[in-house]
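Chemist: I have a structure here, written as structure tokens, and I will follow up with some questions on it.
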Amino acid sequence: MSSTPEPDPRLLAAHDLALAALHEITAPSTVGPAAGYTLEDDGVVSLRFGNTMEGYPGWYWTVSLAVTDDADPTLLEVELLPGEGALLAPEWVPWAVRLAEYQAAQAALAAEERENADAEGDDDLDDDEDESGEDDDELDDLDDLDASDFDDDGSPILHSGDVDGVDIDVLDESAADDEDDDSDR
């Protein structure tokens, strides 16, 4: 049967050193009362203090201390660590995995909608036609665009060379006359 070594009493009594270290990294109002200690490897003692920050329930301020021979306690580390039942972030999942899960869920939803539409007899709608009766051919044309369909600056050229369907060579003469009248006043 192995016995647990007793912590150095100088480390257990070093609350003032631990609090001074904590107050250097956080406001004194965020440090609660002493909440015990943990005996680490090689005689290191981690003193715990309550945490009063609202966003970290169940977390503790932890100050790790060590002592060698006849020297005074030495500060090793100061950190905020979760305790039992602390609120923790979920395990990280890579973007590619999350995207694949999302795409699978979307495909399943689309398949379910198709099955429901077939069961209800809505199969009389054309695949290229939405419920309003409008054609989706315009959207299909966007899939066929390549680099030659764009101007040098990257903007699409549409409607016989007119940018975005606006003929910039033709001006409304009445609007131009109105502007001239305004400038004469």
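The values are calculated or read from the model by the stated rules, or taken from the named source; none is laboratory data. Keep in mind that this is a model prediction, so the values were computed, not measured. Please note that ligands, DNA and RNA were not included when accessible areas were found on the heavy atoms of the full protein model with its side chains. Shrake-Rupley method; radii C 1.70, N 1.55, O 1.52, S 1.80 Å.
Chemist: For GLU131, work out the one condition from (1) modelled with pLDDT of 60 or more; (2) in a loop (DSSP other than H, G, I, E, B) it doesn't fulfil.
Modeler: GLU131 satisfies all of (1) modelled with pLDDT of 60 or more; (2) in a loop (DSSP other than H, G, I, E, B) except (1).
Chemist: Among the residues of segment 85-118, which ones are open to solvent by 100 Å² or more (accessible area, probe 1.4 Å) and either closer than 18 Å to TYR37 by Cα or under 24 Å from the mean Cα position of the chain (by Cα) (or both)?
Modeler: Within segment 85-118, LEU87, LEU88, PRO90, GLU91, TRP92, TRP95, ARG98, GLU101, TYR102, GLN103 meet the criteria.
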